[in-house]
Amino acid sequence: MRGLLATIAQDREWGLATPRVTPQKRVRRIGRIAGSVEPLGPGGKMTKFSPSEAALEGFRLSREQPSSIIIWSILYFAGTIALGLAFNVLAGPEFTRALNSSAIQKGDPAAYAHMFGRWWPAFIIITMVWTLFNSVLTGGIFRMALRPGEKGVAHLQFGKTEFRLAAISAILGIIGLFCIFTTYVLTIILAKIAGGPLGIISGFMLFAGVIWIGLRLMLVTPMTFEEEKISLAQAWHLSKGHELSLLFMSILSIVFWIILVALLNTIGLAFISLGGGIGTILHPSHFRPLSALALLVSFYLQALMSTLWVVMFTSPLAVAYRELKVDDAWKVGIWAKP
C-alpha cells in the first residue's frame, strides 16, 4: 500500500491515474513495459540500462525475424520508387530540367530556394506521405520489440498508433530544424562578435546543446507508441541523467550499421562485377541480362541498407525506453513491498 500511494503523483504524470485507466489496465501497461526485463539483479539491486545491449537489439531482431526484415525492405524499395514516380507526376517535367540546371549542380542556395518555392506543394505532400510510411515501419519495429504478441503483417499495422508516430516525427523534425537554424544564426553572430578560437568554441558548445536536447527527447517516439499519447515532458523526465548512456548507445548503433553496410556493399560489388562492371551497366549499348539483375540487386541492397538503418537505430530506443521505464517505476515504488 505504501508503494502504491507513493506513485499517485507519478501516475498522473504518466497518464496512469486518469479515469480511463483502470487498475487492471495500469498493471497490464506496466507489465507490458517490463516485458522480459528482470528488474532485480544480483543482490536484489535494480538492473541498470546497458547501452551496448540495447544497441545490439537490431541484430537480435534481424536474427530472430529475418522474414520481417526482408518484407520491410521490399516495401521500402517499392515505396521509394512509388513516391519518386508520384513526385515526378506532381512536379512535372520542368522540375527535372531545373534539377539538372547548372545553378543546382553548382549548389547555389538561391537556386535551391527558388526550386523549393516553386514546387513546395509537391515537397510537402511527398514529405507527409513519406513520414507516414516511415511511421508504419517504425511502429512495426516497436511492436516487434515491445509487443511481439500483437498481430500484423510482419508486425506492421496502419491505424491511430501510426498516425501518432507520424505526428511526433513531424514535431521532432520541426524542433530539430528550429534548433539547427537557431544554432547556425547564433554561431555566425558569435563568430563576428568574438572571432577566432572563441567563436569556434562557442559554435561547438551550441552544437553540443542541440545534441543534448536531442538526447533528452530521444525516447519520446517509443513512449508515444507504448503510452498511446504524445508527451514531450514525460520523455524529457525519463531520459534525465541518462544522456551519456543514450549517446553511447546511438554511437554503437551507427557503428554496427556501418559494419552491415560494408558487408552489403561487398555483396553489391560482387553482383555488379557479375553484371560486367559499372561501365557495362551504365552504357545501354553494352547492357546484358546479367546487368539487369545486377542493377536490380544493387537497388534492392540500397533499400535494405536504408531499412536496416531504421531497424538498427529505432529498436535500441525501444529497449532503452522499456528498461528506463521499469527502472523509473522501481524508483517511485510501483513494485515496492508493503
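The values are calculated or read from the model by the stated rules, or taken from the named source; none is laboratory data. Nothing here was measured: the structure is a model prediction, and the numbers come from that model. Here Cβ is always computed from backbone atoms with ideal geometry, including for glycine, and neighbour counts include all displayed protein chains.
Summary of values
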read-out	value
Test result for Ile74, in contact with a helix residue (DSSP H, G or I) (Cβ under 9 Å, 6 or more places away or on another chain), over 20 Å from Leu324 (Cα atoms) and either modelled with pLDDT under 75 or loosely packed, with under 15 Cβ neighbours inside 10 Å (or both)	no
Filter pass, Glu243 being charged (D, E, K, R), buried (at least 18 other Cβ atoms within 10 Å of the Cβ) and in contact (Cβ under 8 Å) with a residue 12 or more places away in the chain	no
Check on Phe163, of a type outside the set (Ser, Thr, Tyr), assigned to a helix (DSSP H, G or I) and either exposed (fewer than 15 other Cβ atoms within 10 Å of the Cβ) or at pLDDT below 90 (or both)	yes
Helices (runs of 4 or more DSSP H) lying entirely in region 193-264 (those with 1 or more residues that are of a type in the set (Gly, Ala, Ser) and over 15 Å from Ala318 (Cα atoms))	196-216, 232-238
So Asn134, is it exposed (fewer than 13 other Cβ atoms within 10 Å of the Cβ) and of a type in the set (S, T, N, Q)	no
Close pairs from region 194-220: first on the phi < 0 side of the Ramachandran plot and modelled with pLDDT under 90, partner part of a helix (DSSP H, G or I) and not hydroxyl-bearing (Ser, Thr, Tyr), Cβ under 6 Å, at least 6 apart	Gly199/Leu190; Gly199/Ala191; Ser202/Leu190; Leu206/Leu186
Verdict on Ile126 being surrounded by fewer than 16 Cβ atoms within 10 Å (Cβ to Cβ) and either free of Cβ contacts under 8 Å to residues at least 12 places away in the same chain or over 25 Å from Ile213 (Cβ atoms) (or both)	no
Candidate set from region 77-91 (those that are farther than 20 Å from Leu137 by Cα and exposed (fewer than 13 other Cβ atoms within 10 Å of the Cβ)); member that is modelled with the lowest pLDDT	Val89
